[in-house]
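Read the structure below first, then the notes.
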(Lines give C-alpha, C1' and ligand atoms only; values in the text may rest on other atoms or scores of the structure.)
Protein backbone atom coordinates (compact mmCIF):
# COMPACT_ATOMS: atom_id res chain seq x y z
CA UNK A 1 0.00 0.00 0.00
CA UNK A 2 2.98 2.25 0.36
CA UNK A 3 3.96 4.79 2.96
CA UNK A 4 1.25 6.80 4.68
CA UNK A 5 2.00 9.97 6.61
CA UNK A 6 1.35 10.13 10.35
CA UNK A 7 -1.45 12.63 9.72
CA UNK A 8 -3.44 10.20 7.57
CA UNK A 9 -2.57 7.30 9.85
CA UNK A 10 -4.04 9.19 12.81
CA UNK A 11 -7.18 9.93 10.79
CA UNK A 12 -7.52 6.29 9.86
CA UNK A 13 -7.01 5.19 13.44
CA UNK A 14 -9.60 7.68 14.59
CA UNK A 15 -12.16 6.56 12.04
CA UNK A 16 -11.52 2.85 12.46
CA UNK A 17 -10.72 2.32 8.80
CA UNK A 18 -10.05 -1.30 8.43
CA UNK A 19 -7.91 -3.94 6.41
CA UNK A 20 -5.00 -5.24 8.25
CA UNK A 21 -2.33 -3.86 5.98
CA UNK A 22 1.39 -3.43 6.55
CA UNK A 23 2.45 0.14 5.82
CA UNK A 24 5.96 0.50 7.16
CA UNK A 25 8.15 -2.16 8.72
CA UNK A 26 11.73 -3.30 8.96
CA UNK A 27 10.88 -6.74 10.26
CA UNK A 28 9.65 -9.88 8.59
CA UNK A 29 6.02 -9.55 7.53
CA UNK A 30 3.19 -11.35 9.21
CA UNK A 31 1.56 -13.68 6.62
CA UNK A 32 -0.63 -11.16 4.84
CA UNK A 33 -2.23 -13.88 2.71
CA UNK A 34 -3.80 -15.35 5.84
CA UNK A 35 -5.05 -11.93 6.90
CA UNK A 36 -6.56 -11.24 3.48
CA UNK A 37 -8.14 -14.68 3.39
CA UNK A 38 -9.75 -14.23 6.79
CA UNK A 39 -11.08 -10.80 5.91
CA UNK A 40 -12.40 -11.71 2.47
CA UNK A 41 -14.10 -14.92 3.58
CA UNK A 42 -15.64 -13.14 6.53
CA UNK A 43 -14.10 -15.56 9.01
CA UNK A 44 -12.56 -12.70 10.95
CA UNK A 45 -14.52 -9.73 12.25
CA UNK A 46 -13.03 -6.47 13.46
CA UNK A 47 -14.29 -7.02 17.01
CA UNK A 48 -13.53 -10.73 17.30
CA UNK A 49 -10.92 -12.22 19.59
CA UNK A 50 -9.07 -13.57 16.57
CA UNK A 51 -8.91 -10.06 15.17
CA UNK A 52 -7.51 -8.71 18.44
CA UNK A 53 -4.87 -11.44 18.58
CA UNK A 54 -3.92 -10.92 14.95
CA UNK A 55 -3.71 -7.17 15.42
CA UNK A 56 -1.43 -7.62 18.42
CA UNK A 57 0.88 -9.95 16.50
CA UNK A 58 1.16 -7.52 13.62
CA UNK A 59 1.85 -4.60 15.94
CA UNK A 60 4.54 -6.66 17.67
CA UNK A 61 6.10 -7.23 14.26
CA UNK A 62 6.58 -3.49 13.88
CA UNK A 63 3.70 -2.73 11.55
CA UNK A 64 1.54 0.34 11.37
CA UNK A 65 -1.90 -1.23 11.34
CA UNK A 66 -5.01 0.18 9.72
CA UNK A 67 -8.20 -1.36 10.97
CA UNK A 68 -10.51 -2.04 8.07
CA UNK A 69 -13.76 -3.97 8.26
CA UNK A 70 -14.89 -4.04 4.63
CA UNK A 71 -12.55 -3.08 1.83
CA UNK A 72 -15.27 -1.83 -0.51
CA UNK A 73 -16.68 0.55 2.08
CA UNK A 74 -13.21 1.74 2.98
CA UNK A 75 -12.55 2.77 -0.60
CA UNK A 76 -15.41 5.22 -0.21
CA UNK A 77 -13.98 6.68 2.97
CA UNK A 78 -10.51 6.76 1.43
CA UNK A 79 -11.81 8.65 -1.60
CA UNK A 80 -13.41 11.28 0.60
CA UNK A 81 -10.49 11.53 3.00
CA UNK A 82 -7.61 11.45 0.55
CA UNK A 83 -8.78 12.25 -2.96
CA UNK A 84 -11.56 14.77 -2.40
CA UNK A 85 -10.00 16.28 0.73
CA UNK A 86 -13.50 17.40 1.74
CA UNK A 87 -13.75 15.68 5.10
CA UNK A 88 -12.70 18.32 7.60
CA UNK A 89 -13.67 18.97 11.23
CA UNK A 90 -16.25 21.48 9.92
CA UNK A 91 -17.74 19.21 7.25
CA UNK A 92 -21.43 18.33 7.29
CA UNK A 93 -22.11 14.93 5.74
CA UNK A 94 -25.34 13.26 4.68
CA UNK A 95 -25.47 9.55 3.84
CA UNK A 96 -28.55 8.48 1.93
CA UNK A 97 -29.39 4.87 2.75
CA UNK A 98 -27.15 4.66 5.79
CA UNK A 99 -27.78 0.92 6.19
CA UNK A 100 -25.46 -0.85 8.61
CA UNK A 101 -23.66 2.39 9.44
CA UNK A 102 -20.27 1.05 8.44
CA UNK A 103 -19.28 4.22 6.61
CA UNK A 104 -20.89 6.43 9.24
CA UNK A 105 -18.85 4.90 12.05
CA UNK A 106 -15.68 5.61 10.07
CA UNK A 107 -16.35 9.17 8.97
CA UNK A 108 -18.51 10.65 11.73
CA UNK A 109 -15.56 11.22 14.12
CA UNK A 110 -13.84 13.30 11.42
CA UNK A 111 -16.62 15.79 10.73
CA UNK A 112 -18.87 18.31 12.43
CA UNK A 113 -22.17 16.52 11.79
CA UNK A 114 -23.01 13.21 10.16
CA UNK A 115 -26.62 12.74 9.11
CA UNK A 116 -28.08 9.55 7.77
CA UNK A 117 -31.48 8.60 6.40
CA UNK A 118 -33.04 5.22 5.80
CA UNK A 119 -36.54 3.84 5.32
CA UNK A 120 -35.91 1.05 7.83
CA UNK A 121 -36.82 1.91 11.42
CA UNK A 122 -34.98 -1.20 12.61
CA UNK A 123 -31.77 0.08 11.00
CA UNK A 124 -32.16 3.55 12.49
CA UNK A 125 -32.88 2.20 15.98
CA UNK A 126 -29.83 -0.04 15.82
CA UNK A 127 -27.59 2.82 14.70
CA UNK A 128 -28.98 5.07 17.40
CA UNK A 129 -27.98 2.46 19.96
CA UNK A 130 -24.50 2.13 18.45
CA UNK A 131 -24.03 5.90 18.52
CA UNK A 132 -24.98 6.07 22.19
CA UNK A 133 -22.61 3.23 23.06
CA UNK A 134 -19.75 5.04 21.31
CA UNK A 135 -20.82 8.42 22.71
CA UNK A 136 -21.16 9.89 19.22
CA UNK A 137 -23.01 13.15 19.67
CA UNK A 138 -22.84 14.34 16.06
CA UNK A 139 -24.82 11.50 14.42
CA UNK A 140 -28.33 12.46 13.29
CA UNK A 141 -30.80 9.94 11.89
CA UNK A 142 -33.90 10.52 9.74
CA UNK A 143 -36.65 8.12 8.50
CA UNK A 144 -36.69 9.39 4.90
CA UNK A 145 -36.40 7.82 1.48
CA UNK A 146 -33.83 9.12 -1.00
CA UNK A 147 -36.25 11.53 -2.67
CA UNK A 148 -37.47 12.86 0.69
CA UNK A 149 -34.23 14.37 1.95
CA UNK A 150 -35.62 17.86 1.37
CA UNK A 151 -37.45 17.32 4.68
CA UNK A 152 -34.10 17.57 6.44
CA UNK A 153 -33.80 21.20 7.50
CA UNK A 154 -30.06 21.34 6.99
CA UNK A 155 -27.53 21.87 4.22
CA UNK A 156 -24.48 19.70 3.62
CA UNK A 157 -20.97 19.78 2.21
CA UNK A 158 -20.88 16.08 1.30
CA UNK A 159 -23.70 13.75 0.28
CA UNK A 160 -22.99 10.09 -0.37
CA UNK A 161 -24.82 6.85 -1.01
CA UNK A 162 -23.30 3.41 -1.36
CA UNK A 163 -24.99 0.38 -2.95
CA UNK A 164 -28.27 2.28 -2.99
CA UNK A 165 -28.99 3.17 -6.63
CA UNK A 166 -29.61 -0.48 -7.53
CA UNK A 167 -32.83 -0.36 -5.48
CA UNK A 168 -34.25 2.68 -7.27
CA UNK A 169 -37.31 2.21 -9.48
CA UNK A 170 -35.75 3.75 -12.58
CA UNK A 171 -33.72 6.52 -14.19
CA UNK A 172 -36.39 9.18 -13.64
CA UNK A 173 -36.48 8.48 -9.92
CA UNK A 174 -32.69 8.60 -9.80
CA UNK A 175 -32.75 11.97 -11.56
CA UNK A 176 -35.16 13.26 -8.92
CA UNK A 177 -32.83 12.03 -6.17
CA UNK A 178 -29.86 13.74 -7.82
CA UNK A 179 -31.83 16.98 -8.00
CA UNK A 180 -32.72 16.70 -4.31
CA UNK A 181 -29.07 16.10 -3.45
CA UNK A 182 -27.95 19.16 -5.40
CA UNK A 183 -30.53 21.26 -3.55
CA UNK A 184 -29.18 20.05 -0.20
CA UNK A 185 -25.59 21.08 -0.95
CA UNK A 186 -24.70 24.30 0.83
CA UNK A 187 -23.06 26.41 -1.85
CA UNK A 188 -20.18 24.14 -2.76
CA UNK A 189 -19.66 20.45 -2.13
CA UNK A 190 -19.52 16.93 -3.53
CA UNK A 191 -22.02 14.14 -4.15
CA UNK A 192 -20.69 10.58 -4.27
CA UNK A 193 -22.62 7.63 -5.71
CA UNK A 194 -20.69 4.46 -4.90
CA UNK A 195 -21.04 0.84 -5.97
CA UNK A 196 -23.27 1.43 -8.99
CA UNK A 197 -24.16 -1.59 -11.11
CA UNK A 198 -22.67 -1.10 -14.60
CA UNK A 199 -25.19 -1.68 -17.39
CA UNK A 200 -22.39 -2.48 -19.84
CA UNK A 201 -21.36 -5.37 -17.59
CA UNK A 202 -24.81 -6.73 -16.79
CA UNK A 203 -24.50 -9.73 -19.10
CA UNK A 204 -21.04 -10.52 -17.76
CA UNK A 205 -22.38 -10.29 -14.22
CA UNK A 206 -25.23 -12.67 -15.04
CA UNK A 207 -22.87 -15.16 -16.68
CA UNK A 208 -20.53 -14.95 -13.71
CA UNK A 209 -23.35 -15.88 -11.34
CA UNK A 210 -24.44 -18.79 -13.54
CA UNK A 211 -20.88 -20.08 -13.89
CA UNK A 212 -20.38 -19.97 -10.14
CA UNK A 213 -23.66 -21.82 -9.58
CA UNK A 214 -22.66 -24.47 -12.11
CA UNK A 215 -19.31 -24.98 -10.39
CA UNK A 216 -20.96 -25.16 -6.96
CA UNK A 217 -24.01 -27.45 -7.20
CA UNK A 218 -26.52 -27.00 -4.42
CA UNK A 219 -25.63 -23.36 -3.81
CA UNK A 220 -28.58 -20.98 -3.89
CA UNK A 221 -28.03 -18.19 -6.38
CA UNK A 222 -29.83 -15.26 -7.94
CA UNK A 223 -31.80 -15.99 -11.10
CA UNK A 224 -33.78 -12.79 -11.62
CA UNK A 225 -31.78 -9.63 -12.37
CA UNK A 226 -34.74 -7.49 -13.42
CA UNK A 227 -35.22 -5.73 -10.09
CA UNK A 228 -31.77 -4.13 -9.82
CA UNK A 229 -31.12 -0.86 -11.61
CA UNK A 230 -28.06 -1.08 -13.87
CA UNK A 231 -26.84 2.32 -15.03
CA UNK A 232 -24.63 3.17 -18.03
CA UNK A 233 -21.76 5.63 -17.63
CA UNK A 234 -23.37 7.89 -20.24
CA UNK A 235 -26.36 8.50 -17.98
CA UNK A 236 -24.25 10.49 -15.54
CA UNK A 237 -22.70 12.56 -18.31
CA UNK A 238 -26.16 13.51 -19.55
CA UNK A 239 -27.20 14.37 -16.00
CA UNK A 240 -24.19 16.68 -15.73
CA UNK A 241 -25.44 18.52 -18.81
CA UNK A 242 -28.85 19.05 -17.26
CA UNK A 243 -27.68 20.72 -14.05
CA UNK A 244 -25.37 23.75 -14.35
CA UNK A 245 -24.56 23.41 -10.64
CA UNK A 246 -22.55 20.27 -11.47
CA UNK A 247 -19.15 21.68 -12.41
CA UNK A 248 -17.18 18.43 -12.66
CA UNK A 249 -17.99 14.75 -13.07
CA UNK A 250 -15.70 11.87 -12.19
CA UNK A 251 -16.54 8.29 -13.17
CA UNK A 252 -14.19 5.56 -11.99
CA UNK A 253 -14.17 1.78 -11.91
CA UNK A 254 -13.77 0.01 -8.61
CA UNK A 255 -10.33 -1.19 -7.65
CA UNK A 256 -9.27 -4.15 -5.58
CA UNK A 257 -6.61 -6.77 -5.31
CA UNK A 258 -9.15 -9.58 -5.28
CA UNK A 259 -11.70 -9.75 -8.08
CA UNK A 260 -15.27 -10.03 -6.86
CA UNK A 261 -18.69 -8.58 -7.62
CA UNK A 262 -18.04 -5.24 -5.93
CA UNK A 263 -15.06 -4.34 -8.13
CA UNK A 264 -15.79 -6.32 -11.30
CA UNK A 265 -19.28 -5.09 -12.11
CA UNK A 266 -19.67 -1.78 -10.28
CA UNK A 267 -18.26 1.74 -10.44
CA UNK A 268 -18.36 5.09 -8.63
CA UNK A 269 -19.51 8.56 -9.66
CA UNK A 270 -18.50 11.82 -8.03
CA UNK A 271 -20.15 15.18 -8.77
CA UNK A 272 -18.56 18.46 -7.76
CA UNK A 273 -21.32 20.98 -7.10
CA UNK A 274 -21.06 24.76 -6.96
CA UNK A 275 -24.25 26.82 -6.72
CA UNK A 276 -22.42 30.09 -7.34
CA UNK A 277 -21.28 29.04 -10.82
CA UNK A 278 -23.61 28.90 -13.78
CA UNK A 279 -21.17 27.23 -16.13
CA UNK A 280 -20.04 23.65 -16.34
CA UNK A 281 -17.40 21.58 -18.05
CA UNK A 282 -18.00 20.44 -21.61
CA UNK A 283 -19.50 16.95 -21.48
CA UNK A 284 -20.71 15.07 -24.60
CA UNK A 285 -24.46 14.57 -24.71
CA UNK A 286 -25.41 10.94 -25.26
CA UNK A 287 -29.18 11.00 -24.99
CA UNK A 288 -31.08 12.38 -27.97
CA UNK A 289 -34.83 12.76 -28.35
CA UNK A 290 -36.28 12.89 -31.84
CA UNK A 291 -38.89 15.56 -32.49
CA UNK A 292 -41.37 16.52 -35.22
CA UNK A 293 -38.70 18.48 -37.09
CA UNK A 294 -36.70 15.30 -37.57
CA UNK A 295 -39.67 13.57 -39.17
CA UNK A 296 -40.48 16.61 -41.31
CA UNK A 297 -36.90 16.76 -42.53
CA UNK A 298 -37.02 13.05 -43.32
CA UNK A 299 -40.24 13.44 -45.30
CA UNK A 300 -38.82 16.38 -47.21
CA UNK A 301 -35.78 14.33 -48.17
CA UNK A 302 -38.03 11.46 -49.21
CA UNK A 303 -39.97 13.78 -51.54
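Things to note:
- Taken over the range 154-168, the criterion of being assigned to a loop (DSSP other than H, G, I, E, B) and either within 12 Å of the chain's Cα centre (by Cα) or outside the structural domain of residue 205 (by TED's automatic domain parsing) (or both) is satisfied by 163, 164.
- Residue 217 being farther than 25 Å from residue 150 by Cα, surrounded by fewer than 18 Cβ atoms within 10 Å (Cβ to Cβ), in the same structural domain as residue 113 (by TED's automatic domain parsing) and at pLDDT 95 or above: no
- Residue 144 within 19 Å of residue 271 (Cα to Cα) and surrounded by fewer than 20 Cβ atoms within 10 Å (Cβ to Cβ): no
- Residue check for residue 262: assigned by TED's automatic domain parsing to the domain that holds residue 96, within 24 Å of residue 117 (Cβ to Cβ) and either loosely packed, with under 15 Cβ neighbours inside 10 Å or modelled with pLDDT of 95 or more (or both): no
The values are calculated or read from the model by the stated rules, or taken from the named source; none is laboratory data. Predicted model only: the values in this text are computed from it and were never measured. Here the Cβ is made from the backbone with ideal geometry for all residues, glycine too, and neighbour counts use every protein chain on show.
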